[in-house]
Each structure stands twice: as structure tokens, then as C-alpha cells.
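The values are calculated or read from the model by the stated rules, or taken from the named source; none is laboratory data. Please read all numbers here as calculations on a predicted model, not as lab measurements. In this analysis, Cβ positions are derived from the backbone assuming ideal geometry, glycine residues included, and neighbour counts consider all displayed protein chains. Ligands, DNA and RNA are stripped out before the accessible areas are found, and what is left, the full protein with its side chains, is counted by its heavy atoms. Shrake-Rupley method; radii C 1.70, N 1.55, O 1.52, S 1.80 Å.
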Amino acid sequence: MFLRYFRDFCRDRRGNIAILSTVMITSLVGVSGLVAEFGNGLLNRMQDQRVADAAALAGGTVFSSTASTTSMQAAVNNIATLNGISTSAIASSVVTSPSGDGNQAVQVTVNTSVPLFLSRVLYAHNTLPISVSSYAELESGAPGCIMALSQSGSGVTLSGGTDISAAQCAVTSNTTVSVPCGTYITTKQVMYDTTLSQGCNGIQAPTGGTLSISKGLSTDPFAGLAAVSGAVSRLATVAAITAPTAPSVTGGTAVTFGYTQSTTQSQLSADGCSGTFSSNIWTVTCVGSNSYKFGTIQLSGGITVNFNLNGSALNTYAVNGQICDNGTALHFGNGTYNISGGIADGGGSNTSFGYGTYNIGAISSASNPCGATTGYSIYHVGSIMTFGSATTASTFNLTGGIDNSGGETLVLGASCTNGSNACTGTSSSNTFTSATGNTFNIGPATNGDALDMGGGAATYLGDSTGNNFEMAGNLNVSSGGGSCLWIGASPEHDIKGFLATAGGNTLGAGLYTVTKYVALGGSGGGDVTCGGSTVGMNGNGVTFVIGGTGTYSSSCAGVSSTAFCVAAGYNHVTLVAPGSGNSTQGFVVIGPTTSTNTSPASFGEGASATSVSGAFYFPYGAISLSGGATLGNGSSQCLMLIGSQVTLSGGTAVASTCNIPGYSGSGSTGAVALVQ
């Protein structure tokens, strides 16, 4: 029965058109829906692609200037929001560019969907997914060696015939680059962000090279570098330095070495010693003990005193009061010295001590036979005063600092000879030979200075090891025109305060951490003949780390409130950064690294033979070179000037990148361009 009905149905032609129409209409609706809705999907895809392209460019630009993926994603999200796309639908990452040239690129992916209605007849989904990507390549450029990092201010500005040679690196500014007629930049790349002003074709390609000029932002090449953060972190340690405690000495009988023999012999006897007198010379002998105690010791005019104290460094000598040499000469041997009231001398005297440990308190008005200025531990106005030897290290714990007045020689931690004889005065023939491993812990006098020097004075501080050079006050030679200062090598030189000088300075290798500022010639002075050579400041293997908690208040090299300056008169300054194996390799000066400290650095018009080899890094302070100052360097050296602004008025600078561990040569980038 069923078969018959089915056969009849199949033979029946009634309603065929209706069935076919239904099938055809359904198919037509489905196909039309696919065409319309997939066409809408293509339109949305085009819109999403435009958003991805814009977001990739924005993210690439931000990453180029900040190297921050967080800032990059924020820029990408802003573009998405402005175009009505949820931030959850857009993502960004830094990848290798698909161009295959090895550069980085910012990839942005947008994932959205389009709802389906009519096409659901044939397509079993409610939405049509859309996914697009865009790549903005960070095109590489030459590494920056003269860089103005601030996005405000004058950027890199030349005037007065300035000539910059940066043949293998880039000159960049995050604002303007101004090169008027008569000034020149020779470089392979210049990059600016707002304005380029060039007159008379002042920007030139190096010989045999090419020149690229582009618009964009440069990053700080040293931001976050371990060498910088490690060096800067020491500023807190130096700021916490305190003065050594004065030794406590009680008892002892005061001794005055004069012409009345019985009086002096009686005083010496009370202290367990004896003395003989001949031709104005006292010879003192102390035996039978390794510990000797005296009251205040003073010499009358014309007297020489030689202490014969067995010469052993195991001996301890305590002085309850001051040692005052107003005579011709005073000579002590080796040992440990605890002197509660300081050491002072008078005009023409020759005072010497052997090697040992010196714990010296400050001079006070209570016991001050020399009439010295109170507050110092060593007050030198005689001819020459020496402590130490060329072979054995000494330790100096000075509560109140040092004053080496005009025309004198003071030596700590070394020997001083003049030919075959002992040193005399400030003769240019004096030769210093340092022991190694000395320790210097020098507190401040009441004026805040750990070292003061007058005009024509010579001070020699021997080599140290470890963290054994500490000044809990200023190193102040600002009134010492014509003076000569030698500071020995030490891994760390800690100065709690400022370093200001008006004379010649020879610096041993190591890190110089200065909590305030460094000023050469701020109040006058300049080059001096020291040890037979003309010296302004000479330091090989040195790095200055400057805190800038205080600045030079007056104008120095034409700029006020500087954290570093080299003023007129300093024609011979040579500073060379540490080499391989040092924690601050390649850095010669590191200025304040907090955005709230914008203290500048300046080189004045007299600094015509200044040679700086290394990175001079003032990320938030302006660097200025004026009036014919020259920053030159040899072929094996380097120079990087990196500041908030770089202003060069006259003079020349030969720049190149420095070999700094962790520094990839970045800092200058080319344009950010879409590649896919």
C-alpha cells in the first residue's frame, strides 16, 4: 500500500512550482545575506585595519622614546578607545620585524566580530570573526653621542663658530636642532622632534659617508643601566658619613722645649722620658715601655726636637692636648698617635711623623699654644709637615679636618724627597712617593670643610685601598690659587659636600662620589705648575658621581647654580673614564639622575685644552660649552654629551660612542614605519 501511494506522489506534478520556489527563495535569501553581511564584514575589517595601523604607529613612537611596554600599550589602548573599539579587543607586543632586517617592531592585533542575521540560513554561526594585525618597525639609527633628552627647551643649539665632529654617531634632540651659518655638524645622522634650523649647509656627512636627517624621539641610552644606578646609590652612603670620634686622653705632663734645660728635662722626666740639649737641638729618649703619655707639646722659636722613641709601629703615644711646632723642626717616629687637641705649627717649621695610625681630635681654645684656628685637626702654616712613608701604609682618623695654609707643603701617607734630601717648602723639585693601602677618614672643621688650602700650598694624600677615602665635609681649595693637590688612587673617594678648587689637581684613579657639586675655578684661579707639569685637573681612570644636593651659587663659566663647571683659567683639564673591569667603565661624569634636580653643567671660555674621554651624563641638566672651550680627545678615546639640553657656543667637540657594559649603542632611532 505504501509503495503505491509513494509512486502516485512522485507522478503527481501539482505544486511543483511552489516547492521549487520555496527552495529557491530560501537559497536566494541565504546567498544575499552572505553577500551583504560578508561585505559588511569586509568593511569592518578595513576599519579595524586602519585602527591597527594607527595604534601600531602610536605604540611604536611611544616605545621608541620610552622603551616601556606599559606606555606602549597605553598608547595603543587610547587609539582603540578613540575609534570605538574595546581595549579588550586590541593587543600589542614588541617582536622581530617581519621585514627580516633584524629591527624590532611593535605588533598590534585587533579582534572583533560582526553579527549575522540573513546569512545564518546557510552559515551556522551568530557572528563573523574579524582579526587584523599591523607591524610598525623601529628602524635602527646611529647610536647617539650628543643628545638633548628634554622635550622642552632649546635642544641642541650651536652658535659662535662651533664645530662638532661626530662622524660615527648621531646628534639628536627631542626638541630642536639649530645649526646657523658659521657652525658645523659632521655626522651620519641628525634626528629632531620639533624643528630643524640649518643655515649654509652646516650639517654635513662624514668623508666617504652618508647623512640621514629624520624626525623622531630619542631615548635615554643609560636609563636603568646597572652601572649608573649602582654608582648613584652610593650617594646615600656618602651622605651618611660622620666625623671620626676624637681620642680621649687624660693625664700626662705638658712639655715646652725651650732654652731652659732644667725645666724641659723635669717635664720629660714626669712623662717617663729624658732629653739632652745641644746646639738648639733637643734629643728625647723614651725607653722601657711601649706606651707613652704627654700633655701639650710645644716648641719655642729656633728649637729642633728629635724624638727617639724606639721607632716601632707597636708603640703608642698619647698627647693630652695639642702638638705645637713653633720651632725649627719636630720629628717623631712610627707608631700609633692619639692626640686629643690637634697638631699645629708656625712659620718656617719642619714637622714630620713616621708611618702609623693617627687619631687626632680638633683644636680648641682650651689648649692652643700655637694660636691656630680652632676646629681643625691639622693646622699647617709652617714650611713642611709630613706623615708616613713610601713603603708602609698609615691610617688617618681626623675629627676636625685639615687646613694647609698658603705656601706650605703637607704630605699624608707618602714620603717626600728633594733629590737626595728631604723636602723643603713648596719647591717644584719635590718628589712624592706614596705607600699603598692608606686610610683617610677626615671630618669637617667648624666651617664644614674637611680640607682647606691657601694660595701656593701643596697637599699630597697617598693611595688608598677599599673604601678608605672618606671626607665628611667639603674639599675646599676655592681660595687656593696657585696651589697643588694630589689625591691618591682608591676604588672609592667619598666627599660629603662639594669639591671646589682654584689650583692644580692631580686625581688618582677611582670613583669620586660628591654629594653637592664640582667647581673648577668658580671663584678664580686656574692652571698651575705642579711637579714640573702644567695642571688644571688631571685624572686618568676617574668617574665623578655628583648628587647636586647643593650647587655653586655664583656664576661659573657663565652659568649660575651649576653642579659641575670648568671656568676660565683652566686650559689643561684631562679626565679619562675608567676602562675595562671597572664598575663605571666608560663614564667620566654622572650628574643628578632625578627629574626634580635640573642643575646644569658648564665649560667656560678659558677651557680651551680640555680633554674629556667618556660619557658625560647629565640626564636632567643642561650642558653648555662656551667662548672657545674645547672638548677634544684622542683617536682611542670617546666623548658622549648627554643632557637635557646641549648648547655649544664657540669651540669644538669631537664626539664618539663609548664602550660601556650593558649599553647596546641605542639611544637614537630612525623613523617608525609600517611594514606589514
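Numbers at a glance
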{"item": "³J(HN,Hα), Karplus 6.51/-1.76/1.60, whole Hz, each residue of segment 290-301, x for Gly, Pro", "result": "9, 9, 10, 10, 9, x, 4, 10, 9, 10, 7, x"}
{"item": "The chain - percent relative contact order, Cα under 8 Å, separation 6 or more", "result": "11"}
{"item": "Taking N as its residue count, the alpha carbon Rg of the chain over 2.2 N^0.38 Å", "result": "1.46"}
{"item": "Difference of contour (0.36 nm per residue) and Cα-Cα distance, Asn308 to Thr194", "result": "33.4 nm"}
{"item": "With every protein chain in place, the chain: carbon and sulfur % of accessible area (1.4 Å)", "result": "52"}
{"item": "Integer Hz, Karplus 6.51/-1.76/1.60 couplings in order for segment 459-467, x for Gly and Pro", "result": "10, 10, 10, x, 5, 10, 10, x, 9"}
{"item": "Å² of accessible area per residue within the chain, as computed with a 1.4 Å probe and no ligands counted", "result": "39"}
{"item": "Sequence ranges 500-507, 142-149, ranked by mean other-Cβ count within 10 angstrom, highest first", "result": "142-149, 500-507"}
{"item": "Neighbour net charge for Tyr337 - beta-carbon separation under 15 angstrom, K R +1, D E -1", "result": "-1"}
{"item": "DSSP bridge pairs, the chain: antiparallel proportion in percent, nearest 5", "result": "20"}
{"item": "Calculated FRET value between Thr69 and Leu43, using beta carbons and R₀ = 30 Å, to 0.05", "result": "0.40"}
{"item": "Shape call, segment 208-297: gyration tensor on alpha carbons, a/c limit 1.5", "result": "prolate"}
{"item": "Helix-only [θ]222 nm of the chain, DSSP H runs n ≥ 4, -39500 (n - 2.57) each, per residue, nearest 500", "result": "-5000 deg cm²/dmol"}
{"item": "10 Å Cβ shell holding at most 14 others, DSSP loop, trypsin sites (Lys or Arg not before Pro): longest site-free stretch of the chain", "result": "15-676"}
{"item": "Under 15 Å, Cβ to Cβ, from Ile297 - net charge with Lys/Arg +1 and Asp/Glu -1", "result": "-2"}
{"item": "Qualifying lysines (Cα of each under 16 Å from Cα of Lys188; at least 8 residues distant if same chain)", "result": "Lys215"}
{"item": "Value in Å of the Kirkwood radius, where segment 311-424 supplies the Cα pairs that are averaged", "result": "13.9"}
{"item": "Those lysines that a straight Cα-Cα span of less than 28 Å connects to Lys496, excepting residues fewer than 8 apart in one chain", "result": "Lys516"}
{"item": "Formal net charge of residues neighbouring Thr373 (Cβ-Cβ distance under 12 Å; K, R +1; D, E -1)", "result": "-3"}
{"item": "Cα gyration tensor shape of segment 478-542, rounded if a/c is under 1.5, else prolate or oblate by comparing a/b with b/c", "result": "oblate"}
{"item": "Exposed-site-free run, longest, the chain (rule: chymotrypsin sites (Phe, Trp or Tyr not before Pro); DSSP loop; at most 13 other C-beta within 10 Å)", "result": "260-676"}
{"item": "Estimated distance in nm for a label pair at Ala223 and Thr417, the labels positioned 7 Å out from Cα along Cα-to-Cβ", "result": "5.6"}
{"item": "Amide H contacts under 5 Å for Phe387, placed H, 5+ residues apart", "result": "Phe353, Val411, Leu412, Gly413, Ala414"}
{"item": "Calculated from backbone phi, Karplus (6.51, -1.76, 1.60) coupling profile of segment 336-348 in Hz, x at Gly/Pro", "result": "9, 10, 10, 10, 6, x, x, 10, 9, 9, x, x, x"}
{"item": "Gain in span if fully extended, Ser580 to Thr210, counting 0.36 nm per residue against the direct Cα distance", "result": "130.0 nm"}
